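Notes to accompany the following structure.
The values are calculated or read from the model by the stated rules, or taken from the named source; none is laboratory data. Here the structure is a predicted model, which is why all the values come from computation and not from measurement. Cβ placement follows ideal geometry from the backbone for every residue including glycine, while neighbour counts extend to all protein chains displayed. Accessible surface is based on the protein model in full, side chains and every heavy atom, while ligands, DNA and RNA are left aside. Shrake-Rupley method; radii C 1.70, N 1.55, O 1.52, S 1.80 Å.
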Amino acid sequence: MLNLRDINKKNICIIGLMGSGKSIIGKNLSNYLNLKFYDTDKEIELKTKKSIDSIFKEEGEPYFRKIEEKICLELLNYNNCVISLGGGSIINNKIRKSIKKYSYSIYLNVKLDNLLSRLKLSHKRPLLNKSTDKRETLENLYKDRQRFYEKANFIVNNDGNKFEVLKKIKSQLNSYERKFIHKE
């Protein structure tokens, strides 16, 4: 079983666009690895006692990003856990530096059409809710964030079966651990 200390990391973080499956994959991975699971969006809602959508509507995106930064930096400093980061958290330089320093990062890449299909009925996505063209919004978000997502330690496609994705992640973690230990 993976020992994060063996790879000189405190935690595993899951990154990707909204609808990429970060929460589902993160929760399943944490169960498999017997690690605690945190979803930064859920933590924000718990601490503020408001939904993400309400925070965006009432306080605006800059206010949300400040709270997100504080909570993400706190969680990324935790040990032995899997953290699902909000899709936009990666645009924050402090969060990116913390990911690089403390986390083994996994980017869940999903094709645009699949994201649109997954998100078409969602009303909990403030950046999509205010949009008249969801495809264009997702394309722009991807263009803005792609260069950051692609710096992850591991990139995996999450268009298909979650069990296959988890299998690939588990295999990659085991392989990474073996390589890291042999380097020392």
Item checked: Lone unmet requirement of (1) within 16 Å of residue 15 (Cα to Cα); (2) modelled with pLDDT of 95 or more for residue 66 -> (1)
Checklist line | Test: residue in the range 104-111 that is without any contact (Cβ under 8 Å) to a residue 12 or more places away in the chain and either in a helix (DSSP H, G or I) or open to solvent by 10 Å² or more (accessible area, probe 1.4 Å) (or both) | finding: no
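For every residue, the table says whether it meets (1) open to solvent by 40 Å² or more (accessible area, probe 1.4 Å); (2) within 24 Å of residue 138 (Cα to Cα); (3) among the basic types (Lys, Arg).
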| position | (1), (2), (3) |
| --- | --- |
| 11 | no, no, no |
| 30 | no, no, no |
| 42 | yes, yes, yes |
| 60 | no, yes, no |
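Scan the range 42-54 and tell me whether some residue there is more than 24 Å from residue 115 (Cβ to Cβ) and of a type in the set (Val, Ile, Thr).
Filtering the range 42-54 down to residues more than 24 Å from residue 115 (Cβ to Cβ) leaves 46-50.
If we keep only those that are of a type in the set (Val, Ile, Thr) as well, we get 48.
So far as the range 42-54 goes, yes, one or more of its residues are more than 24 Å from residue 115 (Cβ to Cβ) and of a type in the set (Val, Ile, Thr).
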Next item on the list: Write out, first by first residue and then by second, each pair whose Cβ atoms fall under 8 Å of each other, whose residues are 6+ apart or on separate chains, and whose first residue, in the range 84-103, is free of Cβ contacts under 8 Å to residues at least 40 places away in the same chain and part of a helix (DSSP H, G or I) while the second is crowded, with 20+ Cβ neighbours inside 10 Å and of a type in the set (Ser, Thr, Tyr).
Entry: 95/89
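Right, residue 94: on the phi < 0 side of the Ramachandran plot, within 12 Å of the chain's Cα centre (by Cα), open to solvent by 30 Å² or more (accessible area, probe 1.4 Å) and at pLDDT 95 or above or not?
Numbers: on the phi < 0 side of the Ramachandran plot: yes; within 12 Å of the chain's Cα centre (by Cα): no; open to solvent by 30 Å² or more (accessible area, probe 1.4 Å): yes; at pLDDT 95 or above: yes.
Here the answer is no, as residue 94 does not meet what is asked.
Just one of 37, 64 is crowded, with 18+ Cβ neighbours inside 10 Å and either of a type in the set (Val, Ile, Thr) or closer than 21 Å to residue 158 by Cα (or both); which is it? Steps first, answer last, please.
Values: 64 fails: either of a type in the set (Val, Ile, Thr) or closer than 21 Å to residue 158 by Cα (or both).
After ruling out the rest, the residue left standing is 37.
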Item checked: Number of positions in the range 53-73 that are closer than 11 Å to residue 88 by Cβ and not in a helix (DSSP H, G or I) -> 0
Check: Has the range 16-28 got at least one residue that is open to solvent by 70 Å² or more (accessible area, probe 1.4 Å) and at pLDDT 95 or above?
Finding: yes
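Within the range 131-154, work out how many residues are charged (D, E, K, R), in contact (Cβ under 8 Å) with a residue 60 or more places away in the chain and either touching a Pro at 6+ places or on another chain (Cβ under 9 Å) or surrounded by fewer than 18 Cβ atoms within 10 Å (Cβ to Cβ) (or both). Working first, answer last.
As a first pass, look at the range 131-154 and keep what is charged (D, E, K, R): 133-136, 139, 143-145, 147, 150-151.
After this cut, where a residue has to be in contact (Cβ under 8 Å) with a residue 60 or more places away in the chain as well, the list is 145.
From what is left, the residues that are either touching a Pro at 6+ places or on another chain (Cβ under 9 Å) or surrounded by fewer than 18 Cβ atoms within 10 Å (Cβ to Cβ) (or both) are none.
Number of matching residues: 0.
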